[in-house]
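Have a look at the structure below, then the notes.
The values are calculated or read from the model by the stated rules, or taken from the named source; none is laboratory data. Because the structure is a prediction, the values reported are computed rather than measured. Because the Cβ atoms are built from the backbone with ideal geometry, glycine has one as well, and the counts that use them run over all protein chains shown.
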Amino acid sequence: MMGQDILEHLKKTSIFSGLTDEALSDVARSASARKVAKGDILMKKGEVGDSLFLIQQGWVKIVTEDSKGDELIINKCGPGETIGEMALLDRSPRSATVIALEDAEVVELKQDVFEKVLNQRPDVSLSIIRSYSDRLRFSTTYIEKAIDWAQKIAEGDYSFIDQTQPVMSNAKSDDDKATQLLSAFFTMVRRVKEREEGLKQQLEKLTFEIDQARRKQEFEEITSTEFYSRLKEQAKALRQKRLNE
Amino acid sequence: MKGKIVSIHSFRGGTGKSNTTANLAAQVAMAGKRVGVVDTDIQSPGIHVLFGLDEDKMGKTLNDFLHDKATIREIGFPIGENASGAAGRAKLAGKNLWLFPSSIRGREISQILKEGIDFNRLNEGLQSTIKEFDLDYLFIDTHPGLNEETLLSIATSDILIIILRPDQQDLQGTSVTVDIARSLDVPNLILMVNKALPKYDFVELRKDIESKFNAPVAGILPLSFDLADNASNDLFSLSTPDHEWSRSLREVAQAVLTLG
Ligand SMILES: Nc1ncnc2c1ncn2[C@@H]1O[C@H](COP(=O)(O)OP(=O)(O)OP(=O)(O)O)[C@@H](O)[C@H]1O
Ligand SMILES: [Mg+2]
């Protein structure tokens, strides 16, 4: 595999986004190409990850298990996509299993090799710290917004959907989990709103007709009595009296 | 004159007059007003139950007053000093709220029905109740329909609240009451819908009723099993303030407070 090729792909990986070409080629040099056969397991859920994979050729599936223990495909990744980039910097267990769907070629960047690059090149370290901090800021901002929106939804105020959409499409890194969460959030709110409007429309309309002839007749039956005439007089006098008090 | 007489009326029985009257009076008292509640449903009194007053505790009644056997002072039962036994009612402790109950003794009921009520005597009673207790509002719970004592309470009221259920029969009957209220020059007429099925469009319903009667609908209160279950011996708007019924009831109370 061509070094230039690897370099181009690495550039698209968000944690490397701030690196100069020169710095990036140092990183690219420490990576190694690997061939995998169909069915090979690249990483296993729960195992501690210590490398990043860059897919050169072929497709892999990212899977987990559902509650019954059956395989559940979360995603598929192909040429140019990176998986497991976080493993270069921390040592947490893999969140899913990755299996090759066909014979494929990947570039692997090992954590220990990568750390050597970091030790030698403070500019690479700094750039990576910056890209992380950017990400964190981005996530925090949107988490704060999501809290605010959630409160609005609870009050039945959906106006923010229309006001906020432009910001969403400007989100800078497409692969950012915060962006994914927000787009899922917005889809949810839109569906809830639609369903609510649907329900409102299903409300039944009640209409009545008053029988005016009957109304008049009943009114006359009551008001034509001796009692009523006297009451009307007394009420009139009473109101006058209370007015004067 | 200061105190306002607020009558609560409905064309048919069981519409929710007693519950509404008791809760409205409680809300207005909670707002710091001096409030009285008179049960003029002498044929089938019921509101005392909502205030936790039973036969043992009941002293002199409206019937005694009408027969010249008691003064207004004697029949006023201070709810604020007897606010216990139920969670909602307990909130009324210390409030200025009095109930003027109607007798629940069969003999006394049939006696007064036979003799009829003297307009002047009842009227005199209502006026002196306001004066002697220095009331801001006197609420009157009535017997359904348009019999003589109900007509009488309509005639003396400053504010008439007509409660109706959203159905053809109630709307037809209410139309006659509205005409009577106008004929008797009642200064303020308010409509209130109770027992509305939640599946109906309340906004449309309000518009329709307001345009038919040319009078404001101060609240549309839903039919609620919670209320049917819990309202028989406590004040629902105090025990369950966050319920939609209670919220709408407070809108009606607000309309009353705004008028006087
Ligand atoms: N919105 C409602 N939803 C469900 N039940 C209700 C509602 N309003 C009142 N009720 C119930 O309906 C019954 C009648 O209520 P209430 O006694 O207040 O009516 P009323 O008009 O005073 O009756 P009456 O004409 O017999 O004096 C009561 O059992 C009460 O709990
Ligand atoms: Mg009643």
Within the bounds of segment B:7-28, is there any residue that is part of a loop (DSSP other than H, G, I, E, B), among the polar types (S, T, N, Q) and within 16 Å of ligand 1 (Cβ to nearest atom)? yes
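Yes/no per residue for (1) at pLDDT 85 or above; (2) part of a helix (DSSP H, G or I); (3) within 25 Å of residue A:17 (Cβ to Cβ); (4) of a type outside the set (Gly, Ala, Ser):
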{"site": "A:198", "(1), (2), (3), (4)": "no, yes, no, no"}
{"site": "A:206", "(1), (2), (3), (4)": "no, no, no, yes"}
{"site": "A:209", "(1), (2), (3), (4)": "yes, no, no, yes"}
{"site": "A:220", "(1), (2), (3), (4)": "yes, yes, no, yes"}
{"site": "A:229", "(1), (2), (3), (4)": "yes, yes, no, no"}
Is it the case that some residue within segment B:39-48 is more than 10 Å from ligand 1 (Cβ to nearest atom), in a loop (DSSP other than H, G, I, E, B), of a type in the set (A, V, I, L, M, F, W, C) and more than 22 Å from residue B:164 (Cβ to Cβ)? yes
Among the residues of segment A:202-245, count how many are within 12 Å of residue B:180 (Cα to Cα), of a type in the set (D, E, K, R) and surrounded by 13 or more Cβ atoms within 10 Å (Cβ to Cβ). 4
If I go through segment B:80-126 residue by residue, how many of them are within 14 Å of chain A (Cβ to nearest Cβ) and at pLDDT below 90? 9
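Residue by residue, here is whether (1) crowded, with 23+ Cβ neighbours inside 10 Å; (2) among the charged types (D, E, K, R); (3) within 10 Å of ligand 2 (Cβ to nearest atom) holds:
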| residue | (1), (2), (3) |
| --- | --- |
| B:5 | yes, no, no |
| B:50 | yes, no, yes |
| B:57 | no, yes, no |
| B:62 | yes, no, no |
Note: among B:149, B:251, B:204, just one is at pLDDT below 95, among the charged types (D, E, K, R) and within 30 Å of residue B:135 (Cα to Cα), namely B:149
Could you run through segment B:205-231 and say how many residues are more than 16 Å from ligand 2 (Cβ to nearest atom) and out of contact with any helix residue (DSSP H, G or I) (no Cβ under 8 Å at 6 or more places or on another chain)? 10
Contact list please: Cβ distance under 6 Å, first residue in segment A:224-239 and facing chain B (nearest Cβ under 10 Å), second residue surrounded by 14 or more Cβ atoms within 10 Å (Cβ to Cβ) and not in a helix (DSSP H, G or I), pairs at least six apart or on different chains. A:235/B:184
Candidates B:73, B:34, filtered to the one that is away from ligand 1 (no atom under 13 Å from the Cβ), modelled with pLDDT of 95 or more and either away from chain A (no Cβ under 14 Å) or crowded, with 18+ Cβ neighbours inside 10 Å (or both): B:34
Residue within segment B:85-98 that is surrounded by fewer than 17 Cβ atoms within 10 Å (Cβ to Cβ) and farther than 24 Å from residue B:240 by Cβ present: no
Wholly within segment A:1-78, strands (runs of 3 or more DSSP E) carrying at least 2 residues that are modelled with pLDDT of 85 or more, in contact with a Pro (Cβ under 8 Å, 6 or more places away or on another chain) and of a type outside the set (A, V, I, L, M): A:51-57
Reported set for segment B:29-38 where residues are assigned to a strand (DSSP E or B) and away from ligand 2 (no atom under 13 Å from the Cβ) is B:35, B:36
Of the conditions (1) facing chain A (nearest Cβ under 9 Å); (2) over 29 Å from residue A:232 (Cα atoms), residue B:173 fails just one. Which one is it? (2)
Identify, please: which residue in segment B:177-204 is in contact with a strand residue (DSSP E or B) (Cβ under 8 Å, 6 or more places away or on another chain) and in a helix (DSSP H, G or I) and is, among those, nearest to ligand 2 (Cβ to nearest atom)? B:177
Output the qualifying pairs, or none if there are none: Cβ atoms under 7 angstrom, residues six or more apart or on different chains, first residue in segment B:223-236 and within 14 Å of chain A (Cβ to nearest Cβ) and under 23 Å from residue B:200 (Cβ atoms), second residue within 16 Å of ligand 2 (Cβ to nearest atom) and of a type outside the set (Gly, Ala, Ser). B:223/B:195
How many of the residues making up segment B:133-155 are over 22 Å from residue A:237 (Cα atoms) and surrounded by fewer than 18 Cβ atoms within 10 Å (Cβ to Cβ)? 2
